[in-house]
1. At a probe radius of 1.4 Å, what is the per-residue accessible area of B:LYS62, in Å² to the nearest 10?
2. Ratio of Rg to Rh for chain A, alpha carbon only, Kirkwood?
3. Semi-axes of the stretch A:1-105's equivalent ellipsoid from the Cα gyration tensor, sqrt of 5 times each eigenvalue, largest first, rounded to whole Å?
4. Based on the Cβ-Cβ distance of B:GLU48 and A:HIS119, what FRET efficiency does E = 1/(1 + (r/R0)^6) give at R0 = 25 Å, to the nearest 0.05?
5. Pairwise over distinct Cα atoms, reciprocal of the mean inverse distance: report the Kirkwood radius of the stretch B:1-75 in Å, one decimal place.
6. Need one number: the % of Cα-Cα pairs in the stretch A:100-241 sitting beyond the 23 Å mark.
7. Could you tell me which helices of chain A pass both thresholds, a Cα extent of 15 Å or more along their own axis and a mean Kyte-Doolittle hydropathy of at least -0.5, with helices taken as whole DSSP H runs?
8. Quickly work out the A:TYR268-to-A:ALA245 label distance, labels modelled 7 Å from Cα along the C-beta direction, and quote it in nm with one decimal.
Amino acid sequence: MSMRRVVVTGMGAVTPVGIGVSSFWESLKTGKSGVRRIESFDVTDYPTKIAASIPGFSPEDYIDRKEARRMDRFVQFAVAAAKMAMDQAGLVITEEVAPRVGVYIGSGIGGLATLEDQHRTLLERGPKRVSPFFIPMMIGDMASGQVSILFGAQGPNSAPVSACATGSNSIGDAYQMIARGAADAMICGGAEATITPLALAGFCSAKALSERNEEPERASRPYDRARDGFVMGEGAGILVIEEYAFAKARGAEILAEVVGYGMSGDAYHLVQPAPEGAGAARAMRAALTDARLNPEQIGYINAHGTSTQIGDVAESQAVESIFKEAAKHTPVSSTKSMTGHLLGAAGGIEAIAAVMALREGILPPTINLDEKDPECRLDYIPNVAREATVHYAMSNSFGFGGHNATLIFAKTNA
Amino acid sequence: MSDVFERVKRIVVDRLGVEESQVALNASFKDDLGADSLDVVELVMELEDEFDLEISDEDAEKITTVGDVVQYIQSRE
């Protein structure tokens with residue numbers, strides 16, 4: 001089956017290091033951390049007291065006040081980022097094109113803050129006081145629902161869930177939707193907002209989070225010997241992607257091309273990666289096959305790299321197993337060292353980082369990399385951004401449950 | 001009367017995101033103030049809290065305008 005070409009025409013980001021793509025990218029280039037002490041609730045009894053939050057986000061800047069009140073924070077992030085992406089794309093959804101424009105925006109966890117809030121109401125005040133908006137605010141598909149309502153996008157609409165691979169799976173699934181002809185344009189990506197008492201407690205109990213509370217900005221340190229877990233982040237990363245001829249016909253600026261998507265399942269463990277990152281390797285290989293590329297052609301990998309002991313090693317081993325000799329000189333960085341781990345939104349903002357690296361010829365660094373773990377043997381672009389002309393960039397995302405998703409973007413000669 | 005109306009008005013403005021001037025006694029929640037079925041359920045809950053009373057589903061169904069609410073609350077006070 002001959003597949004149609006798919007290009008990126010709009011990007012929107014709400015992140016702990018900046019709201020809007022230019023602010024986000026400026027922070028990545030300059031190695032700025034978005035990790036800070038949690039102020040939104042009392043963290044006295046928690047071993048982890050830090051997160052990559054977005055204290056400056058004001059939903060009223062993007063959404064009518066009444067509508068904003070009916071949205072969980074993750075949906076507010078998604079709507080704000082989608083507006084930015086649609087503004088950049090300049091895509092007007094007329095009655096004629098509406099059925100050909102779809103939305104795929106996933107969330108790893110969904111409206112947890114709403115759930116916690118309403119559960120408290122249930123326990124303290126009884127079932128008759130639970131809000132009629134509780135369910136439609138909480139369910140994880142609602143970013144896709146609300147964005148489609150806002151823009152009148154009547155095409156394919158769903159919301160993949162694959163934990164921390166959600167953002168990449170959403171973009172990859174949307175890309176395939178266009179490639180096989182089911183849509184001409186898709187608004188896609190991921191959104192997450194789980195810096196909440198319950199989520200923090202759960203991740204703490206799972207021993208997944210960094211406890212470097214005294215140095216928040218130094219806490220997320222992928223591949224560094226002294227790393228001690230990931231830092232939870234929040235936000236949204238949304239792309240507008242379109243079929244090539246559809247974008248050209250309306251004179252849209254093409255930011256990059258989506259050329260490869262691969263996915264796999266570890267079939268191994270709830271939270272641990274398969275030994276030697278075997279599942280991650282299968283996703284990377286599948287993406288390379290889809291893109292008809294050899295590993296040597298990849299000029300930059302935006303790694304999953306969450307700053308956990310096992311995960312960083314497994315992904316590095318997976319890169320070595322696929323890239324062989326090329327692994328030694330292929331630059332790899334984890335922008336989570338700056339943004340924290342946005343869970344279901346990670347793949348969204350990291351796709352944007354990959355596209356910006358292609359466009360600007362600048363590879364964002366892995367900050368806080370003072371002493372490399374001897375088991376992590378790749379070139380991680382330590383601490384300082386690097387100039388490099390790159391033709392193809394890969395972005396990896398892996399999730400609890402053993403979901404692995406890899407995207408490949410190509411530079412366009414615009 | 002004016003006190004009840006003012007309190008109802010404040011809740012309606014806050015919940016439905018409308019201008020105070022729109023909240024007239026003859027304004028219909030659905031037709032004039034843009035409320036959907038979920039808004040109405042939430043509004044009834046807010047009114048129950050504000051005026052410390054219970055509004056049955058049967059009574060709630062009869063409320064269609066701001067004036068209906070004011071009248072209902074006064075009849076219960």
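1. Roll a 1.4 Å probe over it and B:LYS62 shows about 140 Å².
2. Numbers: Rg = 19.8 Å, Rh = 20.8 Å.
Reported Rg/Rh (Cα atoms, Kirkwood Rh): 0.95.
3. The answer is 32, 19, 13 Å, longest axis first.
4. Efficiency, rounded to the nearest 0.05: 0.80.
5. Hydrodynamic radius (Kirkwood, Cα pairs) of the stretch B:1-75 is 12.1 Å.
6. Numbers: 4777 of 10011 pairs.
That tail contains 48 percent of the Cα-Cα pairs.
7. Sorted by number, the helices that extend far enough and score high enough are A:73-89, A:166-179, A:278-291, A:309-323, A:346-360.
8. A separation of 4.3 nm, rounded to one decimal place.
The values are calculated or read from the model by the stated rules, or taken from the named source; none is laboratory data. Keep in mind it's a predicted model, so treat the numbers as computed, not measured. With ideal geometry, Cβ positions are generated from the backbone for all residues, glycine too; neighbour counts draw on all protein chains shown. Protein only, heavy atoms only, side chains kept; ligands, DNA and RNA dropped before computing areas. Shrake-Rupley method; radii C 1.70, N 1.55, O 1.52, S 1.80 Å.
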